[in-house]
Each structure stands twice: as structure tokens, then as C-alpha cells.
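The following block contains the structure, expressed as C-alpha cells.
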Amino acid sequence: MTMPQQTTEQSEIWKKRRRLFETSLNPFPEYRILRESDPLSYDEERKWWEVYRYQDVQCIINDYATFSSERLLKDQDFRRQVDEQEEFAPSILNLDPPRHRKLRSLITQAFTPRAVAQMTPRITTIVHEQLDTVASTGHMDVIENLSYPLPVIVIAEMLGIPSEQRAQFKRWSDDVLSPDEEKPRQTLKEMNNYFRPVIAERRVAPGDDLISALVAAEVDGEKLTEPELLSFCVILLIAGNITTTNLIGNAILCFDDHPQVMDELRADPSLMPSAVEEVLRYLSPVQRLVRVAAVDTLIGDKQIKEGQIVVPCLGSANRDETQFPDPDVFDIRRTPNRHLAFGHSIHFCIGAPLARLETKIALEVMLQRFTDIQRVRDIPLETVSGFLGVKSLPITFREK
């Protein structure tokens, strides 16, 4: 298979880009340059295509027949690992139709806007409980004290497992995203060892929780296998908290850079949903997805060969000036706002309604209870691995 060749200079440029994309909270100027000059770029070292324009990104994530999620695992010999270890099964994130559609339908009902809206009182209570622990001190770490524990407590309660284990969940969430190849695999084994007896218990004594519902569910007249059940538990626990954790933190970063927004939201709380959407567009927690070309195809004038990896860049698409006027302006009244932060089409994030609600309530309660919210700027921000977000976000405030 013929691949584009890079010069030494081009290789150095790619190395600088990677460092920027992986460690910076502001890769957006570079994205703009790439959209204009090299919207479909081939990374010779990583052997994949990166795609930066909104139209191309949307096309890739919509066209699952051409750009497969499942094919990536097959190409990486994932099936052999499953056969050998019988512990791992592809999650719905890594499946194509028809299996994807059938498995997704099992979990979607738990995350409909109506079902999620019923959780408003409980989420509100959790936010107040978290803020009660810091309110009198005048300072907090948004990540440690709110944006991490909130979604973990919520998803743990939905799964019917003790939220007191959240320190363990936090370690798992961090380790499963480690660049060290062995650490994520070991972490998945630990999580499977944790959930396996929980699943066995629900088979004998089902409760009113997601795990019990999944144990009882059938696809084409067949129960889910244990690896499939384990996969659901893992993806719900990990994906169910990481995006929301970063979204709440990113919202505070945006508000800190635009303090007038906090006054606007206090004056008109009805603006909060559109403010959350603008945070999703402006600082998308998930910057990239991964697909594999299932057939030879064209993107623009570039030939993509079957089996090549394609990386659509959501963060760049959400700043594309052809789709968003003044894309580098943070505008909580932006409309329309057709961002791709939660993906699109069949792989649109199942947990999006819950992430939106948790973030909306967390920000509303913070603005109701606190004023003069400011980031502690003499503490440098450290980015998280694999996402656009920060590990820690100390702020000061005054309690109303």
C-alpha cells in the first residue's frame, strides 16, 4: 500500500503538533492553519490521516459503512485477544451495525431526556452536598471537589454500586487512559474482576439498577454474554464520568476568561443550556475520534486506502469558520450551534442528556451560592491525557 512520504522537516512539524495537541488547552490556532493549508494530513510516524474541516469530519462520523469503528479492533487483532482471554468484548463505541444498533437500544432508554430529567432532584442534592464541604472556606478545586465526584456518584447509583468506591473509580479512569500499553489492559482486568461478582449477584437477586436491567435484557432472543455485560459496566463507569468531569471544568475555565458571562447567567438563568452548548463547542472535552476506512475512498482529492486509520478532529471542526461565525469568540447566545462535541449519527454519545443536565445543574448551583469566582492563576494548569481538560482547577469565591 502506497503511503504519503514525509520529509525530515515535515516529520519535525508533526512532532511539534503532537506535543501541542496532547498538552495544550489552546491547539485552535494550529487547527485553523491546518484547515486552511492541510485539511487532510497524513502522520507518517503514526500511520494515520487527520481530518480538520467540519464538513469532512461530519461525513466521516456519519458514514459508518465507509469509516468503521469496529474495523479498528479487528485490524489490531482484538478478536484474538478476546478468544485467548475471554475477558474483553468490544463496547458499543467499537461496533458497527447491526450489532451496534441492537446493543445500543438496550441502554438508550436509561438516558433519554425524559428519564434523565427525573434525576434532577438527586443531582441537585449531590451538587449541594459537594459544595457544602467547601462553602465556608472560600476556595475549592473544581475537579476534586465537584466535577469528578458528581458524575461518579450519579453513574454509580445508576449501576447500583457503592459510590464510596469513587477513589478506586478515579484511579481506574486515569489508568485506562494511560499511554502505557500494559496499564489499560491491567486496569480492565481489575474492573472486570470487580464487576463479575456484581453481575453474578444481580442474576440471583436483581434490583432496580442498570446492571440488573442489562442482565435481564435479550438481543435476538439471547441474553448478553458475560464479556458483553462487563463491557457495558466498564464503558458506563468510565465514559459516564470523564466527559462530564472535563465539561464542568472547561465551563469554569471559559467563565473565568469571560467573567461577564457569570453575571449574565445569574441575571438570566434560562441562558444556561445554550452556555453549556457553547462550552461543548469552544472547549470540546473529546477532541478526536478514530475510524478505519472499510473500503478505498476519497476525502476531497486525497485517496484513502482500505485499512488506513482516519482521525476526525472534533475540536477543529467545532472551530470551523465556514460553520461557526467568529468561531474563536465564546458566545453563550450562539445559534444555531451544530457542534460535534458529542459525535453525530449512530455513535452520538448516549450519555449526552445526562452530561448536559449534570453540567447545567452544577453551574447553576455554583452561581447561585458563590460570587466573585476566580481561578487561582499562580497554580499552573495541567492537562489530562486523551482529553481537553485539566487535572486540577483551584478557584476562590465568596459565599452569598
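No value in this document is a laboratory result; all are computed from the given coordinates. These numbers were taken from a predicted model, which means no experiment stands behind them. Reconstructed Cβ throughout: ideal geometry from the backbone, glycine too, with neighbour counts over all protein chains shown.
If Lys and Arg each add +1 and Asp and Glu each add -1, what is the summed charge of the other residues whose beta carbon sits under 12 Å from the beta carbon of Pro394? Kindly include the intermediate steps, with their values, before the conclusion.
Details: positive: Arg375, Arg377, Lys391; negative: Asp141, Glu144, Asp256, Asp378, Glu382.
Once all neighbours under 12 Å are counted, the net charge is -2.
When Ser163, Ser147 are ordered from fewest to most other Cβ atoms inside 10 Å of their Cβ, what list results?
Least to most surrounded, the residues fall as Ser163, Ser147.
Shifting gears a bit: Which percent, nearest 5, of DSSP beta bridges in the chain are antiparallel?
85
Tell me, how many Å apart are the Cα centres for region 307-368 and for region 90-166?
Answer, in whole Å: 18.
Rounded, prolate or oblate: pick one for region 207-252, where a ≥ b ≥ c are the square roots of the eigenvalues of its C-alpha gyration tensor, a/c under 1.5 means rounded, and failing that, prolate if a/b is larger than b/c, else oblate.
In terms of gyration-tensor shape, prolate.
Right, next: Anyone know which of Arg101, Arg35, Arg377 comes out most mobile in the 10 Å Cα GNM of the chain?
Of Arg101, Arg35, Arg377, the most mobile in the Gaussian network model is Arg377.
What range in the chain is the longest one free of GluC sites (Glu not before Pro) that are in a loop by DSSP and have at most 12 other Cβ atoms within 10 angstrom?
Excluding the exposed sites themselves, the longest stretch runs over 182-381.
Collect residues whose amide H, placed 1.01 Å from N in the peptide plane, falls under 5 Å from the amide H of Gly389; neighbours closer than 5 in sequence don't count.
Long-range HN contacts for Gly389: Val384.
Defining a contact as two alpha carbons under 8 Å apart and six or more residues distant in sequence, what relative contact order in percent does the chain show?
RCO, the chain: 26 percent.
Looking at the chain, how many pairs of lysines come closer than 23 Å at the Cα, when each pair is eight or more places apart or spans two chains?
20
Quick one: net charge around Gly249, please, counting Lys, Arg +1 and Asp, Glu -1 for every other residue with C-beta under 10 Å from its C-beta.
Every neighbour counted, the sum reads 0.
Take the chain, connect every pair of alpha-carbon atoms lying under 10 Å apart with a spring to form a Gaussian network, then pick out the residue of Asp268, Asp174, Asp43 with the largest mean-square fluctuation.
Per the Cα network of the chain with a 10 Å cutoff, Asp268 tops the list.
So for Leu247, Leu188, Leu340, fewest C-beta neighbours within 10 Å to most, what's the order?
Working: Leu247 28, Leu188 20, Leu340 25.
The order, fewest Cβ neighbours first, is Leu188, Leu340, Leu247.
So which residue, out of Ala205, Ala110, Ala251, gets the largest mean-square fluctuation from a GNM of the chain using Cα contacts under 10 Å as springs?
Ala205
Would you mind counting up the charge near Ile332? Only other residues with Cβ under 11 Å from its Cβ, with Lys and Arg at +1 and Asp and Glu at -1.
Charge balance in the 11 Å sphere: -2.
If you don't mind, another one. 5 Å is the cut-off here: which amide hydrogens, built 1.01 Å from N in the peptide plane, fall below it relative to Val310, excluding neighbours closer than 5 in sequence?
For Val310, whose amide H was placed from the backbone, the distant partners under 5 Å are Trp49, Arg291, Val292, Ala293.
Still on this structure, I have one more. Within region 237-343, report the trypsin sites (Lys or Arg not before Pro) that DSSP leaves as loop and that have at most 12 other Cβ atoms within 10 Å.
On the way: sites: Arg266, Arg281, Arg288, Arg291, Lys302, Lys305, Arg319, Arg333, Arg334, Arg338; in loops: Lys305, Arg319, Arg333, Arg334, Arg338.
Qualifying residues, ordered by number: Arg333.
Still on this structure: If you take the square roots of the eigenvalues of the alpha-carbon gyration tensor of the chain and sort them as a ≥ b ≥ c, do you get rounded (a/c under 1.5), prolate (a/b over b/c) or oblate?
It comes out oblate by the Cα gyration axes.
Show that you can apply the helix-only estimate: for the chain, add -39,500 (n - 2.57) for every DSSP H stretch of four or more residues, divide by all residues, and state [θ] at 222 nm to the nearest 500. Don't jump to the answer; show the numbers that get you there.
Details: 17 runs with 201 residues, N = 400.
Per the formula, -15500 deg cm²/dmol.
Can you put Ile33, Ile199, Ile60 in order, fewest other beta carbons within 10 Å first? Kindly include the intermediate steps, with their values, before the conclusion.
On the way: Ile33 12, Ile199 19, Ile60 24.
Sorted ascending by nearby Cβ count, the order is Ile33, Ile199, Ile60.
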